[in-house]
Every structure is written in structure tokens, then in C-alpha cells.
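The values are calculated or read from the model by the stated rules, or taken from the named source; none is laboratory data. Quick caveat, the model's predicted, so the values are computed rather than measured. Glycine gets a Cβ as well: all are built from the backbone with ideal geometry, and neighbour counts include every protein chain shown. These accessible areas exclude ligands, DNA and RNA; they are computed on the full protein's heavy atoms, side chains included. Shrake-Rupley method; radii C 1.70, N 1.55, O 1.52, S 1.80 Å.
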Amino acid sequence: VFHGRILARRVVGQETRYEVEVKAPYRQRFPLVSREYLWVPNTCGCPPLRAGGEYLLMARRHVNHEHTLNRILLQDDGYARPWTPREARLVREAARHC
């Protein structure tokens, strides 16, 4: 779970790749760097993430069996909401209990 700002969007094959500036990690099971690529397994623009927008994102690390692919994936059951100070507070509180 992290707070990120969308820098760019690009369709690559049957997926969408977002370049994201990581503003604040809240809960992470894998390390994040200041700039990441976030992959969405569709090209429809779902969820609707706009360039310049800031979001609270819950994604997972996806590594294939051959360990040749290592990326952050926002699946259909992932979480992408516009970031607000209230959302940030709620996530920080939840992270303390989980």
C-alpha cells in the first residue's frame, strides 16, 4: 500500500503501464524505490488513473516462475482511490493494527 503520483500512462501490448512517483509507502512486503512502474492487466483505463493525480494504491509484486519478470501489478481486486489526507490517516491507523 502506498501513496503515489501518476507521471505517465502507456499501453504496452494488452496491458497498461503507469510511471508512478512513490510519495509514501504505508505498508509494504517488498521494497519500493522513488519511481516505479505499475502494471494493470488491461487497456481499458480501469481503474481510471490520470496523469498528475495522486492515489492510494494497493498492489502486489508479481514475479513469474522463471524469475525473469518482476513488477508491481494492480489487479482487478486491487485498490486505487484518490489520495486525501483522511485516506492517509486511515491507512496509517490500519497499518498499526495489522
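General observations
- Those residues of region 1-29 which are open to solvent by 20 Å² or more (accessible area, probe 1.4 Å), in a strand (DSSP E or B) and farther than 16 Å from residue 73 by Cβ, in sequence order: 5, 7, 8, 21, 23, 24, 25
- Qualifying residue in region 13-25 (condition: modelled with pLDDT under 90 and in contact with a Lys or Arg (Cβ under 9 Å, 6 or more places away or on another chain)): no
- Test: residue 87 is touching a Leu at 6+ places or on another chain (Cβ under 9 Å), modelled with pLDDT of 80 or more and surrounded by 11 or more Cβ atoms within 10 Å (Cβ to Cβ): yes
- On inspection, residue 7 passes the criterion of being within 26 Å of residue 90 (Cβ to Cβ), over 10 Å from the mean Cα position of the chain (by Cα) and at pLDDT 95 or above.
- Of all residues making up region 43-98, the number that are of a type outside the set (Gly, Ala, Ser) and not in a loop (DSSP other than H, G, I, E, B): 26
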